[in-house]
Amino acid sequence: MSLQEAAPQTDVYGMLSRLHDGPRIFRTPPADPGVGWGESWQLTTAEDIRYVLQHPELFSSKNIAGFSRLVGQEWDLIPLEKDPPEHGKYRAVMNGIFSPAKITAMEAGVRDRAVALIDAVVGQGGCDFVEAFGRPFPVSIFMQLMGLPEADTDRVNEWEYGLLHSGDMNARLVAARGFYDYLADLIAKRRREPVDDLITFCIKAEIDGRPTTDEEIMGMCYLLVVAGLDTVAASLGLHFRHLAMNPEVQARLRADPSLIPSAVEEFLRAYAIVTTNRWVTQDTEVGGVAMKAGDRVICNTALACLDPAEFDEPMRVDIERSPNRHVAFSYGPHRCIGSHLARRELVIAMEEFLRRVPPFRLREGTTSAINPSGLYSVQGLQLAW
Ligand code: HEM
């Protein structure tokens, strides 16, 4: 089945793929008024995006999100806003959190969580997928891992939405401040009473043989929540939307669940969600275009994943695509640290849902649009079975 869609409001990936018919690199208007970003360079090819992400000495990730500035401070999201060689010291410490062995140890709990959520709705003939499963499944796993009390889920979700999905500057400011105050409070609590969670891990971590500073702890915790909470939820919505609209794909995966890991890999490629950016550190050239120190470069992982020079028929969703060296988790030193966890959650969700729920489709009379602002995600997904 093709990614191309008839309705313009859902054809986000179709619109992105058409950019490959135009110039390789072009200027875009200021993307984010209020945080000081001017015009930016929009890259379109996987080759250029890979080059930029793999050359941090020329393209820095310092202050790419700018969340600390939204609260009138200056600390880095760690390790994302650190450049090598400094980046490596933090990354080495944080790699331990998400090693394949740690993720395997979490597996039974993750599966139990999926089964409990599915059992709650399977008898109802349908559900609001995002509300019933797509958000609560990954969000509850992450809240527990991080050490955020489950009772705080709604407000953490609200801040996350304000920061990552709302195009409104004021909403971003309110979310950035609310979230900062909340985390500062929790970090202070964990300093007094350490427990087995990621906040305590960040407090106890050592960098170069010295304890982490308050700003470093905030930078690590802030990034973990922003990067970990919402990404799997956004992906689940898009992947299950594809299944609901393509009964033949569902039927194949039900008949042969061993195809699920390869299908998830293809959905990650076809529905890549993250757009990131970098700052040019010295005058340079990319793809024949001269760039000046201080310019901003946008790297949209979905554009790289839909590049016809890299993927045969990129708009065709082929659940057995091989090879499938996609860029949904980025390239280079900042390649996603949570990719093992994300993949396990996405595979387990699909295995258990297809095992327990009869063939499902979009509920009659409903549509499911894709939110093009920030992380790509579904605006709603009503399923019926
Ligand atoms: C499908 C889900 C996910 C996708 C598509 C995704 C994608 C990405 C991408 C594209 C980057 C690189 C950003 C850049 O280079 O500017 C990244 C980095 C990162 N991700 Fe993920 N991510 C996902 C899930 C997660 C989860 C579940 C966690 C944590 C629990 C996580 C934690 C991180 C962290 C900490 C970084 C920064 C790594 C560094 O700077 O070295 N991600 N992710």
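The values are calculated or read from the model by the stated rules, or taken from the named source; none is laboratory data. Predicted, not measured: the structure shown is a model, and the values here were computed from it. Cβ atoms come from the backbone with ideal geometry, glycine included; neighbour counts cover every protein chain shown.
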Within region 281-300, restricting attention to residues that are within 15 Å of the ligand (Cβ to nearest atom) and over 16 Å from residue 329 (Cα atoms), which residue is surrounded by the most Cβ atoms within 10 Å (Cβ to Cβ)? 297
Scan region 328-350 and tell me whether some residue there is closer than 26 Å to residue 107 by Cα, under 14 Å from the mean Cα position of the chain (by Cα) and polar (S, T, N, Q). yes
Six or more apart or on different chains, Cβ under 9 Å: which pairs go from a residue in region 89-114 that's more than 18 Å from residue 348 (Cα to Cα) and of a type outside the set (A, V, I, L, M) to one that's in a helix (DSSP H, G or I) and away from the ligand (no atom under 13 Å from the Cβ)? Could you list them? 90/216
Answer residue from region 158-183, given it is hydroxyl-bearing (Ser, Thr, Tyr) and surrounded by fewer than 19 Cβ atoms within 10 Å (Cβ to Cβ) and is modelled with the highest pLDDT among those: 182
Considering only region 245-264, I want to know if a residue exists there that is at negative phi and touching a strand residue (DSSP E or B) at 6+ places or on another chain (Cβ under 8 Å). yes
Filter region 77-94 down to residues that are near the ligand (Cβ under 10 Å from one of its atoms) and under 15 Å from residue 215 (Cβ atoms), then give me how many there are. 7
Which residues, counting only those in region 188-205, are within 13 Å of residue 149 (Cα to Cα) and either buried (at least 19 other Cβ atoms within 10 Å of the Cβ) or not charged (D, E, K, R) (or both)? 190, 195, 198, 199
Read through the list (1) of a type outside the set (S, T, N, Q); (2) more than 16 Å from the ligand (Cβ to nearest atom); (3) part of a helix (DSSP H, G or I); (4) at pLDDT below 95, then give the number of the only condition that residue 355 fails. (4)
Can you find a residue that is among the aromatic types (Phe, Trp, Tyr), at pLDDT below 95 and either under 19 Å from residue 142 (Cα atoms) or in contact with a helix residue (DSSP H, G or I) (Cβ under 7 Å, 6 or more places away or on another chain) (or both) anywhere in region 228-240? no
Apart from one, (1) in a loop (DSSP other than H, G, I, E, B); (2) within 18 Å of residue 14 (Cβ to Cβ); (3) more than 10 Å from the ligand (Cβ to nearest atom) all hold for residue 303; the odd one out is (1)
Give region 21-36 a look and list any residue that's modelled with pLDDT under 95 and either in a loop (DSSP other than H, G, I, E, B) or in contact with a helix residue (DSSP H, G or I) (Cβ under 8 Å, 6 or more places away or on another chain) (or both), or say none. 29, 30, 31, 32, 33, 34, 35, 36
Whether any residue in region 55-64 is modelled with pLDDT under 90, within 10 Å of the ligand (Cβ to nearest atom) and closer than 17 Å to residue 227 by Cα is what I want to check. no
